[in-house]
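Q: Here's a structure for you.
The values are calculated or read from the model by the stated rules, or taken from the named source; none is laboratory data. Being a predicted model, the structure only gives us computed values, none of them experimental. Ligands, DNA and RNA are excluded from the accessible area calculation, which covers all protein heavy atoms including side chains. Shrake-Rupley method; radii C 1.70, N 1.55, O 1.52, S 1.80 Å.
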Amino acid sequence: RAKESGRNTFALYKPEMQAISDARLDMEKALHHATEFKLFDLYYQPQTNDKNELIGAEALIRWKDEKKGFISPAEFIPVAEEIGLIVEIGHWVLNEALSQVATWLKEGKWQLAWRMSINVSPIQFQQAGFLPMLKAQLEKHDVPASCVDLEITENMLLNDLASCLDKMNAIKALGVHLSIDDFGTGYSSLKYLKSLPIDRLKIDQSFVRDLLTDKSDEAIVHAVIAMAKALNISVLAEGVETLPHYDRLREIDCFFYQGYYFGHPLPPREFITAFVQDLPEPPLS
Ligand code: C2E
Ligand code: MG
Ligand code: MG
Ligand code: MG
């Protein structure tokens with residue numbers, strides 16, 4: 001059929017393109033397998049305040065494929081969203097993160113004031129079953145809702161603002177916190193921000209990266225902080241990699257941080273060893 005329609009369609013049959021779709025199919029297959037057998041891990045990255053105290057951690061999924069090694073979530077999460085696996089993966093993430101908090105609470109390694117930040121895909125959030133699932137998970141693990149922070153993105157609000165708002169209010173009513181992740185990269189509207197039950201904005205790392213050299217990035221970050229303050233929303237800067245970045249952020253009244261300067265995402269045990277002081281002896285096993 002391609003031959004019939006002439007030369008213009010030749011590009012459809014380039015071997016490179018075949019290779020791309022083969023790689024994509026391979027990834028889809030591997031993702032199905034990994035989801036079925038729960039071959040993921042969660043790493044934890046510290047979140048801190050301007051007194052250098054831990055305020056929580058972000059749970060970040062890791063996938064180590066047998067053949068390809070670590071594959072970035074930036075690469076496989078969008079695929080999981082497209083093929084519908086994100087709902088099951090997101091459920092696994094929530095279960096794993098809450099189970100970890102429950103364990104750390106029991107071991108005296110997690111403080112009630114700390115928050116576990118969990119990324120929620122828009123597709124997962126929009127599921128009719130999301131709220132009951134969240135409630136069931138909190139009960140199952142007996143974790144206080146106030147220890148949980150869900151990270152959602154601005155673009156989610158585009159879809160159906162009214163139902164989104166209802167769900168966010170219901171989540172807040174449980175006592176769970178809500179953050180907007182990658183703030184500034186999506187289709188934000190100041191009008192929405194005013195009416196949403198949001199606790200925290202996470203300024204996207206792209207603004208933080210050039211903070212010291214790019215005057216307009218500094219102006220943006222400064223403006224976001226001023227606006228958030230007026231709306232009584234806290235602001236956390238993502239991607240804080242150096243001391244000068246940290247210093248500048250403090251100068252412009254940003255008091256919560258996450259980034260390699262403070263610590264990389266780590267597996268649970270390493271996270272505790274590196275960031276949680278005054279640990280009791282590890283339990284005998
Ligand atoms: P995110 O939620 O914005 O997470 C922050 C990302 O920035 C993480 O990448 C983290 O490792 C990285 N990062 C932290 N500090 C620094 C820094 O100082 N410099 C730089 N350059 N990067 C830093 P990661 O773990 O590769 O995750 C990428 C994205 O994948 C996440 O962005 C999030 O959108 C998504 N993701 C990760 N885990 C999950 C998950 O469990 N569920 C869902 N739905 N998405 C996830
Ligand atoms: Mg996040
Ligand atoms: Mg982010
Ligand atoms: Mg992101």
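Q: Just to confirm the number: angle between the C-alpha axis of helix 161-174 and the first principal axis of the chain, 0 to 90 degrees, nearest 10?
A: For 161-174 against the chain, the angle is about 40 degrees.
Q: For the chain, take the longest principal axis of its alpha carbons; what is the angle in degrees between that and the long axis of helix 130-141, to the nearest 10 within 0 to 90?
A: Helix 130-141 and the main axis of the chain meet at about 50 degrees.
Q: Between helix 86-106 and the chain, what is the angle of the helix's C-alpha long axis to the longest principal axis, kept within 0 to 90° and rounded to the nearest 10?
A: 20
Q: Summarise the accessible area of the chain (1.4 Å probe, protein heavy atoms) by the percent that is carbon and sulfur.
A: Details: 8300 of 15430 Å².
Taking all protein chains in place, the chain shows 54 percent carbon and sulfur surface.
Q: Further, regarding this structure: Where Rh is the Kirkwood radius over the Cα pairs of the chain, the temperature 4 °C and the viscosity 1.567 mPa s, what D in µm²/s does Stokes-Einstein return?
A: On the way: Rh = 20.6 Å.
Approximately 63 µm²/s, per Stokes-Einstein.
Q: Counting only C-alpha contacts under 8 Å and six or more residues apart, can you give the relative contact order of the chain as a whole percent? List each step's numbers first, then the result.
A: Numbers: 401 pairs, mean separation 51.1, N = 285.
Across the chain, relative contact order equals 18 percent.
Q: Straight-line reach from K106: which lysines have a Cα under 24 Å away, not including same-chain ones fewer than 8 places off?
A: Qualifying lysines at Cα under 24 Å: K135, K140.
Q: Moving to a separate point now. Accessible area per residue, 1.4 Å probe, Å², for region 1-155: what's the number?
A: Accessible surface, normalised per residue, equals 55 Å².
Q: In cubic angstrom, how much convex hull volume per residue do the alpha carbon atoms of region 95-240 span? Please list the in-between numbers first.
A: Values: hull volume 16.3 nm³, N = 146.
Taking the convex hull of the Cα positions in region 95-240, it is 112 Å³ per residue.
Q: Quick check on region 10-99: what are the equivalent-ellipsoid semi-axes from the Cα gyration tensor, as sqrt(5λ), descending, whole Å?
A: Square roots of five times the eigenvalues give 33, 16, 11 Å.
Q: Name the long-range amide H neighbours of L150: under 5 Å, sequence gap of 5 or more, or other chain; modelled H, no Pro or chain starts.
A: Those lying under 5 Å, H to H, from L150 are I118, H177, L178, S179.
Q: Helix-only mean residue ellipticity at 222 nm, the chain, DSSP H runs n ≥ 4 weighted -39,500 (n - 2.57), per residue, nearest 500. What is it?
A: -14000 deg cm²/dmol
Q: Considering region 39-159, what Rg and Dmax in Å follow from its alpha-carbon atoms?
A: 14.9, 43
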